[in-house]
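Student: Could you have a look at this structure, given as structure tokens, before my questions?
The values are calculated or read from the model by the stated rules, or taken from the named source; none is laboratory data. These numbers come from a predicted model, not from an experiment. Cβ: placed from backbone, ideal geometry, glycine included. Neighbour counts: every protein chain shown.
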Amino acid sequence: MKLYFHPLSGHSHRVRLFLSLLGIEHEQIVVDLTKREQKTPEFLKLNPFGQVPVIDDQGTVVVDSNAILVYLAKKYDKTGWLPEEPAAAAAVQKWLSVAAGDVAYGPAAARLITVFGAAFNADEVIARAHVLLKRIEAALTDREWLAAPRPTLADLALYSYIARAPEGNVDLSAYPNVTAWLARIEALPGFVPFQQTAVGLSAKR
Ligand SMILES: N[C@@H](CCC(=O)N[C@@H](CS)C(=O)NCC(=O)O)C(=O)O
């Protein structure tokens with residue numbers, strides 16, 4: 001298995017995290033986004049969208065972080081990261097949609113400003129992040145995991161950008177259920193951290 005990724009990409013981290021939790025050995029290939037390696041003709045043959053992450057599983061190429069999570073769960077997991085039961089499967093899918101929408105345009109976008117210099121409106125994306133965090137906080141009121149009584153792909157898909165939201169000046173201190181849930185994920189056997197950057201609220205003082 002090959003993983004094409006960038007160490008500061010949360011989309012990449014959710015895949016690295018799942019590979020590690022599943023104990024799947026893989027070769028890590030850094031695609032340097034700062035040098036636009038994701039737009040070279042060679043890489044565009046792998047992923048015409050010109051983005052990381054991408055996996056190549058002995059010739060089966062899968063692009064898009066959430067699609068990769070689903071592929072890995074279907075192929076390599078028997079423990080329930082992607083439940084079969086209809087209501088739980090739908091709940092996981094709902095959170096994957098949240099990861100691709102609200103998370104990408106909220107906390108992930110806020111962090112892109114501080115880490116990569118992206119030209120988003122900080123007030124707008126930070127406000128969007130807090131709307132989402134209030135929803136996650138409420139969803140975790142009476143449960144430990146987002147979609148089922150056990151951790152699922154829903155938790156992994158949301159983890160990376162929520163954990164590093166402070167880098168984008170999104171303060172997590174008003175969300176105790178969220179911070180407890182982050183700690184539960186970090187305690188899973190095989191957990192690997194998402195590289196930190198000293199920017200935003202995470203800047204060294
Ligand atoms: N929907 C994609 C989004 C991936 C994505 O946005 N990747 C970013 C890094 S976090 C990227 O490769 N950006 C470079 C670019 O778009 O040129 C996924 O879930 O994998």
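So that you can scan it fast, the table gives a plain yes or no per residue for (1) closer than 16 Å to D155 by Cα; (2) more than 19 Å from the chain's Cα centre (by Cα):
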site	(1), (2)
K2	no, no
H13	yes, no
S20	yes, no
T34	no, yes
F43	no, yes
L46	no, yes
A67	yes, no
K75	no, yes
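Student: For the structure I just gave you, tell me whether I24 is away from the ligand (no atom under 12 Å from the Cβ) and not in a loop (DSSP other than H, G, I, E, B). Lay out the reasoning, then the answer.
Tutor: Working: away from the ligand (no atom under 12 Å from the Cβ): yes; not in a loop (DSSP other than H, G, I, E, B): no.
No.
Student: Just the residues that are crowded, with 16+ Cβ neighbours inside 10 Å and either among the aromatic types (F, W, Y) or within 11 Å of the ligand (Cβ to nearest atom) (or both), please, taken from segment 27-49.
Tutor: Across segment 27-49, the qualifying residues are V31, L33, E37, Q38, F43, N47.
Student: Kindly indicate which of V62, V52 is at pLDDT 95 or above, surrounded by fewer than 20 Cβ atoms within 10 Å (Cβ to Cβ), of a type in the set (A, V, I, L, M) and in contact with a Phe, Trp or Tyr (Cβ under 6 Å, 6 or more places away or on another chain). Quick ask: steps written out before the conclusion?
Tutor: Details: V52 fails: surrounded by fewer than 20 Cβ atoms within 10 Å (Cβ to Cβ).
Among V62, V52, only V62 is at pLDDT 95 or above, surrounded by fewer than 20 Cβ atoms within 10 Å (Cβ to Cβ), of a type in the set (A, V, I, L, M) and in contact with a Phe, Trp or Tyr (Cβ under 6 Å, 6 or more places away or on another chain).
Student: Only one of these is within 11 Å of the ligand (Cβ to nearest atom), in the same structural domain as N169 (by TED's automatic domain parsing), in a helix (DSSP H, G or I) and in contact (Cβ under 8 Å) with a residue 60 or more places away in the chain: V98, V115. Name it.
Tutor: Of V98, V115, the one residue that is within 11 Å of the ligand (Cβ to nearest atom), in the same structural domain as N169 (by TED's automatic domain parsing), in a helix (DSSP H, G or I) and in contact (Cβ under 8 Å) with a residue 60 or more places away in the chain is V115.
Student: Consider segment 166-205. How many of its residues are under 17 Å from S65 (Cβ atoms) and crowded, with 18+ Cβ neighbours inside 10 Å?
Tutor: Counting residues in segment 166-205 that are under 17 Å from S65 (Cβ atoms) and crowded, with 18+ Cβ neighbours inside 10 Å gives 2.
Student: Filter segment 52-95 for residues that are of a type in the set (S, T, N, Q), under 23 Å from E37 (Cα atoms) and in a helix (DSSP H, G or I) and give the result.
Tutor: First, pick out the residues of segment 52-95 that are of a type in the set (S, T, N, Q): 58, 60, 65-66, 79, 93.
Going one step further and asking which of them are under 23 Å from E37 (Cα atoms), we end up with 58, 60, 65-66.
Matches in segment 52-95: S65, N66.
Student: Could you give me the residue pairs with C-beta distances under 6 Å whose first residue belongs to segment 142-158 and is β-branched (V, I, T), whose second residue is not in a loop (DSSP other than H, G, I, E, B) wherever it lies, and which are 6+ apart or on separate chains?
Tutor: T152/V92
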